[in-house]
1. Given the options VAL75, VAL66, VAL9, VAL71, name the one that is open to solvent by 70 Å² or more (accessible area, probe 1.4 Å), among the β-branched types (Val, Ile, Thr), in contact (Cβ under 8 Å) with a residue 24 or more places away in the chain and on the phi < 0 side of the Ramachandran plot.
2. In the stretch 23-44, which residue that is in contact (Cβ under 8 Å) with a residue 12 or more places away in the chain and open to solvent by less than 70 Å² (accessible area, probe 1.4 Å) is nearest to ASN12 (Cα to Cα)?
3. Strands (runs of 3 or more DSSP E) wholly in the stretch 3-64 with at least 2 residues that are more than 30 Å from GLN76 (Cβ to Cβ) and not basic (Lys, Arg) - which ones?
4. Only one residue in LYS53, LYS43 is over 27 Å from VAL4 (Cα atoms) and at pLDDT 95 or above. Which one?
Amino acid sequence: MATVKQYYVIQNRNGKFFKIDDLSGGYPLFIDDFEHCERYNSKENANIFLKGKYATELFPKEFDGVSVRKVLITVQ
């Protein structure tokens with residue numbers, strides 16, 4: 001019996017995934033590995049984040065052209 005885990009991530013135009021860089025004090029960082037990026041429980045939550053102050057006012061250039069992607073992990 002397979003177990004499926006689903007979550008949503010934010011991906012930029014270059015195919016990299018959003019992560020908050022704790023070492024820099026919270027600046028956005030885009031990394032190659034979706035397993036270590038910011039994860040959202042629903043597409044709606046990811047879109048709410050993208051409409052918030054962090055993405056629209058503090059770092060609009062970094063979030064220009066990003067999209068929300070669904071990640072499915074299946075364990076068999």
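The values are calculated or read from the model by the stated rules, or taken from the named source; none is laboratory data. Nothing here was measured: the structure is a model prediction, and the numbers come from that model. Please note: Cβ atoms are built from the backbone with ideal geometry, for glycine as well, and neighbour counts cover all protein chains shown. Ligands, DNA and RNA are stripped out before the accessible areas are found, and what is left, the full protein with its side chains, is counted by its heavy atoms. Shrake-Rupley method; radii C 1.70, N 1.55, O 1.52, S 1.80 Å.
1. Numbers: VAL66 fails: open to solvent by 70 Å² or more (accessible area, probe 1.4 Å); VAL9 fails: open to solvent by 70 Å² or more (accessible area, probe 1.4 Å); VAL71 fails: open to solvent by 70 Å² or more (accessible area, probe 1.4 Å).
Of the residues listed, the single one that is open to solvent by 70 Å² or more (accessible area, probe 1.4 Å), among the β-branched types (Val, Ile, Thr), in contact (Cβ under 8 Å) with a residue 24 or more places away in the chain and on the phi < 0 side of the Ramachandran plot is VAL75.
2. So in the stretch 23-44, the residues in contact (Cβ under 8 Å) with a residue 12 or more places away in the chain come out as 27-28, 30-34, 36-43.
Still in the list and also open to solvent by less than 70 Å² (accessible area, probe 1.4 Å): 28, 30-31, 33, 37-38, 40, 42.
Working: PRO28: 11, PHE30: 8, ILE31: 10, ASP33: 13, CYS37: 12, GLU38: 13, TYR40: 16, SER42: 18 Å.
Result: PHE30.
3. Answer list for the stretch 3-64: 17-21, 27-31.
4. LYS53
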